[in-house]
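Taking it in order: structure first as structure tokens, then the write-up.
The values are calculated or read from the model by the stated rules, or taken from the named source; none is laboratory data. Predicted model, so just to flag it, every value in this text is computed and none were measured. Neighbour counts run over all protein chains shown; Cβ positions are idealised from the backbone, glycine included. For accessibility, only protein heavy atoms count, side chains too; no ligands or nucleic acids. Shrake-Rupley method; radii C 1.70, N 1.55, O 1.52, S 1.80 Å.
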Amino acid sequence: MDEHPIVVFDRLIKRQRLLLKFIGVDTYDREFHVHGLTIMVVCLASFFFVVSLYDLFLFKHDAFNFVYVLITIFFATIGIGRLSVFLWYRNVLPDLLAETYYTYEMARDDEREQSILSWYTKLFQRAVNAYALTFIGTSIVAGFLPLGVYLLSGERVLPYGVVLPFVDPSSQMGYELNYLYQVSCIIWTPPGLVASECMMFALVLNICIQYDILSVQLLDLDELIRSRDPMREILIAQKLRSILQGQKRLVSYISRIEDTHNLVAGVEVLSVGLQIVITLFVLQFSLWIPGLVVIPVFSLQLFLFCLLGTIIEDKGVKFSAGVYNLTWNELSLRDQHIFRLLLLSSQRTKTLTCGGMTPICLNLFVNMSQKFYSIFMMLRSM
């Protein structure tokens, strides 16, 4: 017998929260409070960012190392952005997570609703496994490949562009200290970035689940309106109110995700795009093997991020069309008043935005790709 979707979903969520707990920022826990591990991770992230800025000044006359450091800075920017969301919205995130569980719990035994839950849960499971394997695997390779190069050829290569202040990476001791520092960052950074990304994906994917379940309920309502059931009037009123409440809950849910994540979404789109541009620029001068993985992985991440926004936008439009296509003229006058509220509400679709400025959709991906290509060509001509 297959597991219920909520069991699989819960197992995946607990796995991500365990990684967040490992770095002291599991703010999806209602009992969370800032403690020593949280402060240590914030200090490490801040130190990493400050060191990166120092290295920009250090390599201001070295174009290759300067842009090499920039790649690392964008990782730090994304990490600090996510840490800010975890800590600033620690009273909101548990409610958002509870909403995702509530969607699973409120789904009826209807075969169509269970099929929706199963499909999206399997999609979430595959996405989590693929993203974790790719990102953490890339980080491990990036960390240990330079060691292999050093042992085989004696060439001193560092995983990332950041070097410690006042520590000469060209000396034996300086190289070892910088290498150990960078590897230590790999231990705690990828788990946090992977877990935070997967948790965000779970929240956004739940929007699609709620839209699909509401669409199923609209079909049931239309069938009920056309029927001649003796309890028809009572059942129609109940179903209309249920759909209206579900739609209002969905709008509120999207609004809260937008409020908590729109700024960091803007930061991530810019950071990921500029990392791709700068990695391409670095690869012109030297073969940086992790960069060969960074470009396709980050391009795919940016594409899927925008694709998910387009899917949500499309589902909102289809739900509005489904409401409009109901056989509303056969409703009683009282039920038509409720239907009017549902229709007006469905026409004001909520979307996720990038920094509160532009909707997250495939148009954003195309526009940003064009701008990033222009930046790359400008750098290339310098």
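Descriptive notes on the structure:
- With the convex hull constructed from alpha-carbon coordinates only, the chain shows a mean projected area of 22.4 nm² over all directions.
- Couplings 3J(HN,Hα) for the stretch 324-338, derived from phi with the Karplus relation 6.51 cos²θ - 1.76 cosθ + 1.60 (θ = phi - 60°), are 5, 7, 4, 7, 6, 5, 9, 7, 5, 4, 5, 6, 5, 5, 5 Hz, where x marks Gly and Pro.
- Going by accessible surface with a 1.4 Å probe and the largest first, Arg256, Arg226 read Arg226, Arg256.
- Backbone HN-Hα couplings from phi across the stretch 246-259 [Karplus 6.51/-1.76/1.60, Hz, Gly and Pro as x]: x, 5, 5, 4, 5, 4, 5, 5, 4, 4, 5, 5, 4, 5
- Candidates Leu224, Leu96, Leu56, ranked by Gaussian network fluctuation over the chain, Cα under 10 Å, top entry: Leu224
- Translational D in µm²/s for the stretch 1-77 (Stokes-Einstein at 20 °C, 1.002 mPa s, Kirkwood Rh from C-alpha pairs): 139 µm²/s
- For the stretch 1-42 versus the stretch 345-382, the inter-centroid distance based on Cα atoms is 31 Å.
- When the surface is traced with a 1.4 Å probe over the full set of protein chains, Asp95 keeps roughly 60 Å² accessible.
- Averaged over its residues, the chain has an accessible area of 51 Å² per residue, based on protein heavy atoms and a 1.4 Å probe.
- Cα-derived Rg over Rh, computed across the stretch 210-326 with Rh taken as Kirkwood radius: 1.26
- Taking N as the residue count of the stretch 39-197, its C-alpha radius of gyration divided by 2.2 N^0.38 Å amounts to 1.37.
- Computed [θ] at 222 nm, helices only, for the chain once each DSSP H run of length n ≥ 4 contributes -39500 (n - 2.57): -28500 deg cm²/dmol
- Here the chain has 66 percent of its accessible surface on carbon and sulfur atoms, given a 1.4 Å probe and all protein chains in place.
- Residues Glu258 and Arg108, FRET efficiency given R0 of 35 Å [Cβ-Cβ distance, rounded to 0.05]: 0.80
- Calculated FRET efficiency, Arg11 to Tyr150, Cβ-Cβ distance, R0 = 35 Å: about 0.30 to the nearest 0.05.
- Annotation: amide H-H contacts under 5 Å for Thr353 (H modelled 1.01 Å from N, sequence separation of 5 or more, or interchain): Ile360.
- When its C-alpha radius of gyration is set against 2.2 N^0.38 Å (N residues), the stretch 112-248 gives a value of 1.90.
- Cα-based radius of gyration of the stretch 95-137 once divided by 2.2 N^0.38 Å, which approximates compact folds: 1.44
- Ratio of Rg to Rh over the stretch 92-179 (Cα coordinates, Kirkwood Rh, two decimals): 1.34
- The distance between label points at Ile136 and Thr327 comes to 5.4 nm (points 7 Å beyond Cα on the Cα→Cβ vector).
- The Kirkwood radius of the stretch 314-374, taken over pairs of alpha-carbon atoms, gives through the Stokes-Einstein law at 4 °C and 1.567 mPa s a diffusion coefficient of 92 µm² s⁻¹.
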